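Attaching a single structure in structure tokens format; questions to follow.
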Amino acid sequence: MPAPMHISTDGSNAHRARRLSIADATKEDLSHGPTVIVSDSPSTDSPTSTTIAETIALARDHLEHPTPQELTAVEFDDDLRTNVATPGDLIKWKPSVCPFRKLTNEEYANPKERGFTNVNIEAIFVFADSRDWASDAQIILELLMSKNGRMGTVSDSHTEGPPIFFAHNDVVWSTAYDLTRYGMGALRIMIEALYKASTGKTIDVTTYGKPSKTTFDYATRVLQQWCKDLFNDPTPARTVYFVGDTPESDIRGSNEYDEHSESDWYSILVETGVYEPGTEPRYKPKKTVKNVLEAVKFGMERATENEELKVCHK
């Protein structure tokens, strides 16, 4: 019997297209139909999306430094037709915006020539972990405190700038290095702290990805539709096994969502990522195993014992 499985990934160290291609290659032997939910997926399912159509958005440069046209095609649904600008565009327009960041030849070739003197940037999207915190923070903070998203201006109230959206909220992430590295969630904390230090006010920030309820709501809707298609059963899954390596996002999100969900969200922590084996996690899982394979085996065995017909999620 097929087991519906979602791969929910923040994965902002890689371009979204790469994340999807890797996950697509992985999923084929696991289940049927689409399985991948990236951290920014819920943004296309939000009422906010309709309000940013036909606007100019400031998006993070990705590892491969795609052009704004490529960002538009990959990161947004076609019907939004959003005109995207990157920090590289702004630096190419006026290098003094970030005097210590020098564009590489590749970066300089990618941003298109355009002027921003009379352009209002109406939304800021942070889609990937920053490669240059200083220049990114400088540009983001200037826009947040600007008049209607206009570069080179300062709002008297500091509240007329564009809204800001983060694709996920992970403070740290795991690499080949022995210790974790700071990620997008840390950049968000820095932006909030600098904004408050500069204005005395608190900035409203929208975050997607784990552990936000928005992401779990989105995954639940997709999961229920999938179970209906596979089992002809529209009722919620009895148990959702959620496997993750980060207590602060994966386990926290699963446990908190379990408090009000119709399904039993069963959190499983693996020892092959951010979590350091032997330490006491701040957010405690219902089960800890060595790796994803052991988590899948545990979930299948437990589901069989409990006569559950639907085993869902990662």
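Counting only residues that are within 17 Å of Tyr182 (Cα to Cα), part of a loop (DSSP other than H, G, I, E, B) and touching a residue at least 60 places away in the same chain (Cβ under 8 Å), how many does segment 117-147 have? Walk me through it before giving the result.
Of all residues in segment 117-147, those within 17 Å of Tyr182 (Cα to Cα) come to 126-137.
Applying the additional criterion that residues be part of a loop (DSSP other than H, G, I, E, B) yields 127-132.
Still in the running and touching a residue at least 60 places away in the same chain (Cβ under 8 Å): 127-131.
Looking only at that region, the number is 5.
For Ala237, all conditions in the list (1) among the aliphatic types (A, V, I, L, M); (2) farther than 28 Å from Ser174 by Cα; (3) modelled with pLDDT of 90 or more hold save one; what is the number of the exception?
Only one criterion in (1) among the aliphatic types (A, V, I, L, M); (2) farther than 28 Å from Ser174 by Cα; (3) modelled with pLDDT of 90 or more is unmet by Ala237, namely (3).
Residue by residue through segment 166-183, note down the ones that are under 21 Å from Thr207 (Cα atoms) and free of Cβ contacts under 8 Å to residues at least 12 places away in the same chain.
Of everything in segment 166-183, those that are under 21 Å from Thr207 (Cα atoms) and free of Cβ contacts under 8 Å to residues at least 12 places away in the same chain turn out to be Arg181, Tyr182.
Of the conditions (1) touching a Phe, Trp or Tyr at 6+ places or on another chain (Cβ under 9 Å); (2) farther than 30 Å from Leu141 by Cβ; (3) at pLDDT 85 or above; (4) surrounded by 15 or more Cβ atoms within 10 Å (Cβ to Cβ), Thr246 fails just one. Which one is it?
Failing condition for Thr246: (2).
Does Tyr208 satisfy the condition of being under 30 Å from Ser157 (Cα atoms) and at pLDDT below 90?
On the way: under 30 Å from Ser157 (Cα atoms): yes; at pLDDT below 90: yes.
Yes; evaluated as a whole, the condition is true for this residue.
Taking the residues in segment 165-182 that are out of contact with any Ser or Thr (no Cβ under 7 Å at 6 or more places or on another chain) and of a type outside the set (D, E, K, R) as candidates, determine which candidate is nearest to Pro95 (Cα to Cα). First the steps, then the outcome.
Just the residues of segment 165-182 that are out of contact with any Ser or Thr (no Cβ under 7 Å at 6 or more places or on another chain), to begin with: 171, 175-179, 182.
Next cut, of a type outside the set (D, E, K, R) only: 171, 175-177, 179, 182.
Details: Val171: 30, Thr175: 32, Ala176: 34, Tyr177: 33, Leu179: 34, Tyr182: 27 Å.
That would be Tyr182.
While we're here: Just for segment 94-103: of the residues that are at pLDDT 90 or above and not charged (D, E, K, R), which one is surrounded by the fewest Cβ atoms within 10 Å (Cβ to Cβ)?
Ser96
Condition test on Glu276, is it modelled with pLDDT of 90 or more and of a type outside the set (Gly, Ala, Ser)? Give the steps one after another, and end with the answer.
Values: modelled with pLDDT of 90 or more: no; of a type outside the set (Gly, Ala, Ser): yes.
No, not satisfied.
Hey, can you tell me all the residues within segment 104-115 that are assigned to a loop (DSSP other than H, G, I, E, B) and surrounded by fewer than 18 Cβ atoms within 10 Å (Cβ to Cβ)?
Answer for segment 104-115, where residues must be assigned to a loop (DSSP other than H, G, I, E, B) and surrounded by fewer than 18 Cβ atoms within 10 Å (Cβ to Cβ): Thr104, Lys112, Glu113, Arg114, Gly115.
Checking Asp136 against (1) over 17 Å from Asp204 (Cα atoms); (2) surrounded by fewer than 21 Cβ atoms within 10 Å (Cβ to Cβ), which single condition isn't satisfied?
(2)
The values are calculated or read from the model by the stated rules, or taken from the named source; none is laboratory data. Note that the structure is predicted; figures quoted are calculated from it, not measured. Don't worry about glycine lacking a Cβ; one is built from the backbone with ideal geometry, like all the others, and counts go over all protein chains shown.
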